[in-house]
Amino acid sequence: MSYVVLARKLRPACFGDLIGQETAAQTLRNAVISDRVAHAFLFAGSRGVGKTSAARILTRALNCLNPDNGDPCNTCENCHEINQNASPDVYEIDAASNRGIENIRELRENVNYVPARCRYKVYIIDEAHMLTLESFNALLKTLEEPPSHVKFIFATTDPYKIPPTIISRCQRYDFLRIPIKKMSDFLETVVVKENLEISRQALEMIARNSVGGMRDALTSIDQILSFTGTSATDQKVAQILGILDRESRFAFIEAILRKNAAEALQFFQKLQEHGHDVHDILSDLLQTVKTVSLVQTLGTNPALFQELSSDDLEAFASLGKLAGTDELQQIFHVL
Ligand SMILES: [Zn+2]
């Protein structure tokens, strides 16, 4: 059997699967249950946080023949067809490549025909901010008086590029970056389910490196496994991600703070030999010094550093004892 990438294999099937988007998911589910569903939605948020997944779940939930407490059953004919991208009533439009007025004119005509099989015709417009102003204007009339059998879902990473006239006609949902702890918890369940060997610390590195996007995190795991098989050491994970692993990072910064130039230089050379990019090493160091400085100033209150494990927080605090605020500032400026 051919390998299915994790992001696809683990694609959320119902509202409860949308990690880190509990508020949006619950509100959408409630709307479906009470049958009070807006005719146009705007899903805003950075890449890979679940906007398109949520749009697809909502589309199925609205058209499912046996919905379960607002969630799609994922087995009925409609759910199945939508899942296979084979429904004649669901249109997924990538606005990055279909941004012109002729595409929108076609859509406007098409909107008037009743759905063939589903209850609603759903138009999911991805990267919606890429539409031209002319296209937005052409859409406006449809959004003002949409046929009752039509739903629009606009997904975008750049909501500020969408005209206010469009935004004001949509129900807006902001999709948040997934917190590192929540993402690491989920990745840990994936590792167990898939029989992989990747440490919690490595998963936290992956989560941090994905800046809140689950799709990027899962893609990173796929990429790592394609190099290493089913188990990966922390060093290997760090190397493939192009970042410093925890031990190297702390040892390196400690050498610098202790003003041990020879040792610091050795670390630097070793990292380069292991294939780390100079720019990546420096930006990682900069981030570390910034965190040391913050922990030094604010103390080790876990509530203020939710993205750090308690071990990391202690390690940053110890590093903070090696240098004064001024010294850290100076290093920060040099970097
Ligand atoms: Zn169904």
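The values are calculated or read from the model by the stated rules, or taken from the named source; none is laboratory data. Just so we're clear, the structure is a prediction, and the values are computed from it rather than from any experiment. Every residue, glycine as well, gets a Cβ built from its backbone with ideal geometry; the counts of neighbours run over all protein chains shown. Calculation scope for accessible area: heavy atoms of the full protein, side chains included, ligands and nucleic acids excluded. Shrake-Rupley method; radii C 1.70, N 1.55, O 1.52, S 1.80 Å.
Key figures for this structure:
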{"read-out": "Highest to lowest packing among 203-215, 126-138, scored as the average C-beta count within 10 Å", "value": "203-215, 126-138"}
{"read-out": "Only Lys, Arg (+1) and Asp, Glu (-1) charged, at Cβ; region 6-174 dipole about Cα centre in debye", "value": "140"}
{"read-out": "Kirkwood-based shape ratio for region 83-219, expressed as Rg/Rh from alpha carbons", "value": "1.10"}
{"read-out": "Degrees between helix 310-320 axis and first principal axis of the chain (Cα, 0 to 90, nearest 10)", "value": "50"}
{"read-out": "All lysines inside 20 Å of K259 as judged from Cα atoms, apart from same-chain residues fewer than 8 positions distant", "value": "K270, K290, K321"}
{"read-out": "Span per principal axis, largest first, for the Cα atoms of region 38-112 (Å)", "value": "39, 31, 24"}
{"read-out": "Label point distance in nm, E247-N110, each placed 7 Å from Cα along Cα→Cβ", "value": "5.6"}
{"read-out": "Computed lengthening from E194 to K290, 0.36 nm per intervening residue step minus Cα-Cα distance", "value": "31.0 nm"}
{"read-out": "1.4 Å probe accessible area per residue over the chain, in Å²", "value": "51"}
{"read-out": "GNM result for the chain, Cα springs below 10 Å: residue of A55, A24, A255 fluctuating most strongly", "value": "A255"}
{"read-out": "Modelled FRET efficiency - R0 25 Å, E22 with Q84, Cβ distances, 0.05 increments", "value": "0.35"}
{"read-out": "Solvent-accessible area of D326 with every protein chain in place, 1.4 Å probe, in Å² to the nearest 10", "value": "120"}
{"read-out": "Leading residue at positive end of dipole, the chain (Cβ point charges), from C73, P179, S148", "value": "S148"}
{"read-out": "Additional length obtainable on full extension of the chain from E314 to A38, 0.36 nm per residue less Cα span", "value": "94.5 nm"}
{"read-out": "Label-to-label distance, nm, for residues given as S231 and E144 (7 Å Cα→Cβ offset)", "value": "6.6"}
{"read-out": "Rough spin-label spacing in nm, given labels placed 7 Å along Cα→Cβ, for L265 and E134", "value": "6.3"}
{"read-out": "Rounded to the nearest 10 Å², the accessible area of F41 at probe 1.4 Å", "value": "0"}
{"read-out": "Separation of alpha-carbon centers, region 292-311 and region 250-280, rounded to whole Å", "value": "23"}
{"read-out": "Rg and Dmax [Cα atoms of the chain; Å; Rg one decimal, Dmax integer]", "value": "24.0, 74"}
{"read-out": "In region 132-250, lysine pairs closer than 21 Å at Cα, eight or more apart or cross-chain", "value": "4"}
{"read-out": "Area projected by the alpha carbon convex hull of region 181-328, averaged over all directions, nm²", "value": "8.7"}
{"read-out": "Portion, in percent, of the accessible area of the chain that falls on carbon or sulfur, probe 1.4 Å", "value": "50"}
{"read-out": "Of T23, T325, T219, the one that fluctuates the most in a GNM where the chain has Cα springs shorter than 10 Å", "value": "T325"}
{"read-out": "Degrees, to the nearest 10: 200-209 long Cα axis against longest axis of the chain", "value": "60"}
{"read-out": "Descending semi-axes in Å of region 6-174, equivalent ellipsoid built from Cα gyration tensor", "value": "24, 18, 15"}
{"read-out": "Degrees between helix 180-193 axis and first principal axis of the chain (Cα, 0 to 90, nearest 10)", "value": "80"}
{"read-out": "Separation of alpha-carbon centers, region 19-87 and region 158-207, rounded to whole Å", "value": "17"}
{"read-out": "Difference of contour (0.36 nm per residue) and Cα-Cα distance, R8 to I167", "value": "54.2 nm"}
{"read-out": "Cα gyration tensor shape for region 243-335, rounded if a/c is under 1.5, else prolate or oblate", "value": "prolate"}
